[in-house]
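The values are calculated or read from the model by the stated rules, or taken from the named source; none is laboratory data. Everything numeric here is computed off the predicted structure, so don't read it as measured data. All Cβ positions, glycine included, derive from the backbone under ideal geometry; neighbour counts span all protein chains shown.
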Amino acid sequence: MLKISLKSCFAIIAAVMILTIPLIGPLERTLQPLIGAPEAMADTANPSPASSGYMVMPMPIMGLYTSNTASVVKFKVPYPAKLVHVSATARQSSGSNPTLTVNVKDAGTTVLSSPISITAGTVTDGVISSPTVTDESLLSVDFAITGTAPRWNDITLLLLLKRL
């Protein structure tokens with residue numbers, strides 16, 4: 001009978017994990033033609049649950065907004081990343097012809113083809129033109145609000161980043 005210590009067992013498991021994790025990406029690419037592209041299932045590519053390095057960043061920006069606001073949110077991305085998805089919504093709007101556009105910027109330069117135009121109660125996806133975010137890059141979010149006595153409540157932004 002073979003006897004293995006608990007320490008040896010953990011060492012074997014760790015070695016197997018270290019050897020197989022780098023194979024997940026190539027295996028996924030090899031199987032992709034056989035199982036179909038996930039892009040066909042949604043507007044944004046659905047990462048495999050086995051994929052590592054994805055960060056979902058929901059940003060609830062609570063409160064009432066009535067005028068343009070620069071850098072309503074600012075944060076540093078702690079590693080190089082690819083911006084995979086951006087969407088925004090607002091819970092409620094009022095006023096005469098209220099309009100809201102949301103712009104995401106990397107170091108002051110927009111990452112979107114054009115700012116996201118919001119309609120209250122619906123989620124709108126942005127079109128990303130500059131997906132690469134460098135290490136320690138400062139991302140910010142600007143609001144542009146127009147209309148007569150516009151009021152926008154509880155705006156939510158969703159970012160999906162993939163670590164490079």
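Scanning the range 87-109 for residues being out of contact with any Leu (no Cβ under 8 Å at 6 or more places or on another chain) and under 18 Å from Thr156 (Cα atoms) gives a total of 8.
Looking across the range 128-158, the residues that are among the hydrophobic types (A, V, I, L, M, F, W, C) and farther than 18 Å from Val56 by Cα come down to Phe143, Ala144, Ile145, Ala149, Trp152.
Looking at Thr134, is it in contact with a strand residue (DSSP E or B) (Cβ under 6 Å, 6 or more places away or on another chain) and either among the β-branched types (Val, Ile, Thr) or modelled with pLDDT of 95 or more (or both)?
Spelling it out, it is not the case that Thr134 is in contact with a strand residue (DSSP E or B) (Cβ under 6 Å, 6 or more places away or on another chain) and either among the β-branched types (Val, Ile, Thr) or modelled with pLDDT of 95 or more (or both).
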